[in-house]
Amino acid sequence: MLQHSRKSEGVKEPTDINALADEYLRLSYHGFRAKDKSFNADFKTDFDKSIGKINIVNQDIGRVLLNLINNAFYATNEKKKTADENYKQIVSVQTKFIPPLEGKREAVEIKVTDNGNGIPQKIVDKIFQPFFTTKPTGSGTGLGLSLSYDIVKAHGGEIKVETEEGNGTTFIIQLPA
C-alpha cells in the first residue's frame, strides 16, 4: 500500500532525527490548534544530543512521527473530555542512542508518550492491522499505524507499544543508527 501511495521512490539520506522529531511535534500541535482553538496541551522533548545523523527516508519517518504524535494529542484530548479539571494533557517525544549489545547493531530509539486513556489490552494486538481503528467513523482510516509499522519495518527497525488503560501509551521505534 505504501509503495502505491508514494509519488517517487524514497531515498535514504543522512537526517538529524532530533530536528525531524521536533519539527513534527510542533507541526502536529499547531495542526490541532488550527482545527480547534480551545485545544491546549503541554509537550515535552528529551533529545539525545549524541545521536548523529542517521540514514532514513525522512519523509517516511516524518509521516510515522506525525501519525504517532497526532494519535497522542488525540488521546489526551479524548481523556480531557472525561477527566477532572486537574488533568493536564501531556505529550512527550524522546530520542536515545542505543549502543550495540549482545550481537545487536547500534540503534536510535524514539519514544512518543501520552497521558491519555491508554489502549485496552483486548485490542493492543490489532492496532497495527490495516483498517483497524478505535476512532469514531470519519475520524480515522485505520491506516496510520499499519503504514507506520510498514515504514519502520522497511527501514530495518521495530515499533512496539506499551500502554496502561487509564494512564497513557508509549510507542517505541527503534531504527538502525
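The values are calculated or read from the model by the stated rules, or taken from the named source; none is laboratory data. Because the structure is a prediction, the values reported are computed rather than measured. Methodologically, a virtual Cβ is constructed for each residue, glycine included, from the backbone with ideal geometry; neighbour enumeration extends over all protein chains shown. Side chains are part of the model used for accessible areas, which takes the heavy atoms of the whole protein and leaves out ligands, DNA and RNA. Shrake-Rupley method; radii C 1.70, N 1.55, O 1.52, S 1.80 Å.
When the residues of segment 147-162 are filtered to those that are open to solvent by 30 Å² or more (accessible area, probe 1.4 Å) and in contact (Cβ under 8 Å) with a residue 12 or more places away in the chain, the one that is nearest to Asn77 (Cα to Cα) is Val161. Going through (1) within 30 Å of Lys53 (Cβ to Cβ); (2) under 18 Å from the mean Cα position of the chain (by Cα); (3) of a type in the set (A, V, I, L, M, F, W, C) one by one, Ile98 falls short only on (2). For segment 38-66, a residue qualifies if it is under 18 Å from Val91 (Cα atoms) and of a type outside the set (A, V, I, L, M, F, W, C), and the qualifying residues are Ser38, Asn40, Asp42, Lys44, Thr45, Asp46, Asp48, Gly62, Arg63. With the requirement that a residue be within 22 Å of Asp46 (Cβ to Cβ) and open to solvent by 40 Å² or more (accessible area, probe 1.4 Å), what does segment 76-99 give you? Passing the criteria: Lys88, Ile90, Gln94, Lys96, Phe97, Pro99. Among the residues of segment 11-30, is any modelled with pLDDT under 90 and of a type in the set (Gly, Ala, Ser)? No, that holds for no residue. Here segment 26-75 is the region considered, the condition is being in contact with an Asp or Glu (Cβ under 6 Å, 6 or more places away or on another chain) and buried (at least 19 other Cβ atoms within 10 Å of the Cβ), and the residue that is farthest from Val112 (Cα to Cα) is Ala75.
Count of segment 35-73 residues, restricted to those that are hydroxyl-bearing (Ser, Thr, Tyr) and assigned to a strand (DSSP E or B), is 1. In segment 164-175, the residue that is nearest to the chain's Cα centre (by Cα) out of those that are open to solvent by less than 30 Å² (accessible area, probe 1.4 Å) and farther than 14 Å from Leu65 by Cα is Thr169.
Within segment 145-168, the residues that satisfy the criterion of being farther than 24 Å from Arg105 by Cα and not charged (D, E, K, R) are Leu145, Ser146, Leu147, Thr163, Gly166, Asn167, Gly168.
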